[in-house]
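Visitor: Below are the structure tokens for one structure; questions will follow.
The values are calculated or read from the model by the stated rules, or taken from the named source; none is laboratory data. The structure displayed is predicted, hence computed values, not measured ones. Positions of Cβ are backbone-derived with ideal geometry, glycine not excepted, and every protein chain shown enters the neighbour counts. Heavy atoms of the whole protein, side chains included, go into the accessibility calculation; ligands, DNA and RNA do not. Shrake-Rupley method; radii C 1.70, N 1.55, O 1.52, S 1.80 Å.
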Amino acid sequence: MQEKCITHSASVASSQLLPFVSDFVATDVYIDCGSQTRYHDESDRYWDADNGYTETGDNKDIQLHSSPNSTQLDTLRVFPKHKRNCYTLPAEASSTPLGEVTYLIRASFYYGNYDGHSHPPTFELEVEGMKWATIVTSNTEPQFYELLYYSKKENISVCLVQTKHKQFPFINALELQSLSYQFSSPYSFVDEENTTWLTSYRYRYGANASDWILGYPDDDDNRIWEPNTPAGLKPVSIPSFTYCDDDGLPHSVLSQAIEALNPTDTIDLPFTFNGSHDFQHYVKAYFSSNIDQLETRTFDFYINDDYISTINTMYESCTLAHARVHSKGTLNVQLRPKGNSTLSPFISGIEIYTALPDIATKEKKKKKDLGLLIGLPIGLVLGLILLPGLILLLLILRRPKTRPTQGQALTTGQQQEANPQRSVSSQIPPVIPSQNAEIPVSSNGNGDQTWVNHGVDMKEVEELLELHHTSMRA
């Protein structure tokens, strides 16, 4: 069952007020990898050099500048030695009143032909010893990988792992930002049960290819927005609307959009994910408005053919819809027009987050393993204490029953005389085993017997054989 919600600008839908602690200030970490200097940027963030966070690697400058242009992408640190090279990021969870913090971890990669070989490498990215992503770098385009991570640790490790011969891992920037003690946050869906999420997609629709939003100061929540205009859809500008007071969304995201070519057309937006197992996603879609009071723009919002909500954009307003959904590796977002709509479906932006169960359950597994390590010795000691008693109990239960007394045998013989028509086999009294004796199991017709030790008293056996021969002679 899908969780879904739709709100308008008059309410704060997915923001959640978080605890405010006046005497706690989290220390965010911003590393300009490969840089030789430390500096403050235009949003007053302090960017540090690699020293103190990693002990390996070489600093390099790129040869081809990227679009978008960013100071942090101009340098990188490459790791030609060792298969795994790690950064240790100081976290603040141990010093918080609750002992836990949600972090945004972002790693940025831009090859820029720094080595002159025009051969961008592929390698793996890890966090806390678990795979985060496979990084396939580009000669012309930067890659940004974001992780929302709920942690109680004093330090968080981020590692780069070489997976192919002569393809050396590198990194341009690494950020660790505390989210738990903001007054409101677009990441309020992160909780103790679902602790680790990837930012799979974050698009601003209708913008030019070079118009990236690279976090601060354009986005108050430090989000990176990639421009995107799918084929077959028309980019449009939104000249005027009431500012959308939800998630601190940048004005530039809502000032543009894409729309279907005709009012009866459906917008299809497919999204794919590596793997075919069951994925859990959190989806947020943003719809601004460029209609006048005489027009209507109404359409249904579907994800994988599941109805989420009806979008009815109003005059000079914006609308947010969000839902928790599952997939098997593909999400298909559809905007289906309603019959009474005079304008085409359209959309301004979308964010899709994907849960990572392997990392999310790592701490719980460690606790279970620790419980097993503690429980095994305790169980062994208890077993050694109880084992002798159990053995004694089994010996008592398995003791042989007492054989019949001589008086019981005579009574049986008297019953035999009262019933002379019974067969020979039925006239032999039942043999009750006792310890360390042999009993006959077969005869060859000449009186010779085959004997087997079966715990029967020899005197009793002789009495039975004598009775048997007497019967045969009669």
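Visitor: Going by the structure shown, is ASP44 surrounded by fewer than 11 Cβ atoms within 10 Å (Cβ to Cβ) and modelled with pLDDT under 55?
Guide: no
Visitor: Quickly run through region 268-297 and pick out the residues that are of a type in the set (A, V, I, L, M, F, W, C), open to solvent by 20 Å² or more (accessible area, probe 1.4 Å) and over 24 Å from the mean Cα position of the chain (by Cα).
Guide: LEU294
Visitor: Of all residues in region 67-94 being assigned to a helix (DSSP H, G or I) and at pLDDT 90 or above, which is surrounded by the fewest Cβ atoms within 10 Å (Cβ to Cβ)?
Guide: Initially, region 67-94 is screened for residues assigned to a helix (DSSP H, G or I), giving 71-73, 93-94.
Filter once more, so that each one left must be at pLDDT 90 or above: 71-73.
On the way: THR71: 13, GLN72: 22, LEU73: 24.
Per the criteria, the residue is THR71.
Visitor: Follow-up question, since we're still on this one. For region 227-247: of the residues being assigned to a loop (DSSP other than H, G, I, E, B) and modelled with pLDDT of 75 or more, which is farthest from GLU141 (Cα to Cα)?
Guide: Selected residue: PRO239.
Visitor: Tell me yes or no: at least one residue of region 250-260 is among the small types (Gly, Ala, Ser), modelled with pLDDT of 90 or more and under 16 Å from TYR353 (Cβ atoms).
Guide: no
Visitor: Then there's this: Assess whether THR330 counts as being polar (S, T, N, Q) and out of contact with any Leu (no Cβ under 9 Å at 6 or more places or on another chain).
Guide: Values: polar (S, T, N, Q): yes; out of contact with any Leu (no Cβ under 9 Å at 6 or more places or on another chain): yes.
Against the criterion (polar (S, T, N, Q) and out of contact with any Leu (no Cβ under 9 Å at 6 or more places or on another chain)), THR330 qualifies.
Visitor: So which residues in region 127-138 are surrounded by fewer than 14 Cβ atoms within 10 Å (Cβ to Cβ), more than 19 Å from the chain's Cα centre (by Cα) and not in a strand (DSSP E or B), if there are any at all?
Guide: Listed by number, the list holds a single entry, SER138.
Visitor: Also, quick follow-up: Can you name every residue in region 111-126 that is surrounded by 13 or more Cβ atoms within 10 Å (Cβ to Cβ) and part of a loop (DSSP other than H, G, I, E, B)?
Guide: Passing the criteria: TYR111, GLY112, ASN113, TYR114, ASP115, PRO120, PRO121.
Visitor: Out of the residues in region 343-374 that are open to solvent by less than 90 Å² (accessible area, probe 1.4 Å) and modelled with pLDDT under 55, which is nearest to ASP211 (Cα to Cα)?
Guide: Step one: of region 343-374, the residues open to solvent by less than 90 Å² (accessible area, probe 1.4 Å) are 343-357, 359-364, 369, 371.
Applying the additional criterion that residues be modelled with pLDDT under 55 yields 360-364, 369, 371.
Values: ALA360: 34, THR361: 38, LYS362: 38, GLU363: 40, LYS364: 42, ASP369: 49, GLY371: 52 Å.
Checked region 343-374; the qualifying residue nearest to ASP211 (Cα to Cα) is ALA360.
Visitor: So, of the residues in region 122-165 that are of a type in the set (Lys, Arg) and modelled with pLDDT under 95, which turns out to be nearest to VAL101 (Cα to Cα)?
Guide: LYS152
Visitor: Would you say LEU148 is in contact (Cβ under 8 Å) with a residue 24 or more places away in the chain and touching a Lys or Arg at 6+ places or on another chain (Cβ under 9 Å)?
Guide: For LEU148, the condition - in contact (Cβ under 8 Å) with a residue 24 or more places away in the chain and touching a Lys or Arg at 6+ places or on another chain (Cβ under 9 Å) - is not met.
Visitor: Related question: List the number of the failed condition for GLY34; all other conditions in (1) modelled with pLDDT of 90 or more; (2) in a loop (DSSP other than H, G, I, E, B); (3) open to solvent by 30 Å² or more (accessible area, probe 1.4 Å) hold.
Guide: Against the list (1) modelled with pLDDT of 90 or more; (2) in a loop (DSSP other than H, G, I, E, B); (3) open to solvent by 30 Å² or more (accessible area, probe 1.4 Å), GLY34 comes up short only on (3).
Visitor: Quick check on region 239-256. Is at least one of its residues touching a Leu at 6+ places or on another chain (Cβ under 6 Å), in contact (Cβ under 8 Å) with a residue 24 or more places away in the chain and either surrounded by fewer than 22 Cβ atoms within 10 Å (Cβ to Cβ) or closer than 24 Å to VAL190 by Cα (or both)?
Guide: Taking region 239-256 and keeping what is touching a Leu at 6+ places or on another chain (Cβ under 6 Å), we get 244, 246.
Restricting the remaining residues to those that are in contact (Cβ under 8 Å) with a residue 24 or more places away in the chain gives 244, 246.
From what is left, the residues that are either surrounded by fewer than 22 Cβ atoms within 10 Å (Cβ to Cβ) or closer than 24 Å to VAL190 by Cα (or both) are 244, 246.
Checked against the condition, which is being touching a Leu at 6+ places or on another chain (Cβ under 6 Å), in contact (Cβ under 8 Å) with a residue 24 or more places away in the chain and either surrounded by fewer than 22 Cβ atoms within 10 Å (Cβ to Cβ) or closer than 24 Å to VAL190 by Cα (or both), region 239-256 yields at least one hit.
Visitor: Of the residues that make up region 328-342, is at least one in a strand (DSSP E or B), crowded, with 16+ Cβ neighbours inside 10 Å and either touching a His at 6+ places or on another chain (Cβ under 7 Å) or modelled with pLDDT under 90 (or both)?
Guide: Yes.
Visitor: So which of ASP300, ASP265, ASP218 is under 21 Å from SER341 (Cα atoms) and either open to solvent by 70 Å² or more (accessible area, probe 1.4 Å) or in a strand (DSSP E or B) (or both)?
Guide: Values: ASP265 fails: either open to solvent by 70 Å² or more (accessible area, probe 1.4 Å) or in a strand (DSSP E or B) (or both); ASP218 fails: under 21 Å from SER341 (Cα atoms).
The unique qualifying residue is ASP300.
Visitor: Name the residues in region 99-110 that are assigned to a strand (DSSP E or B) and not small (Gly, Ala, Ser), would you?
Guide: Listed by number, the residues that qualify are VAL101, THR102, TYR103, LEU104, ILE105, ARG106, PHE109.
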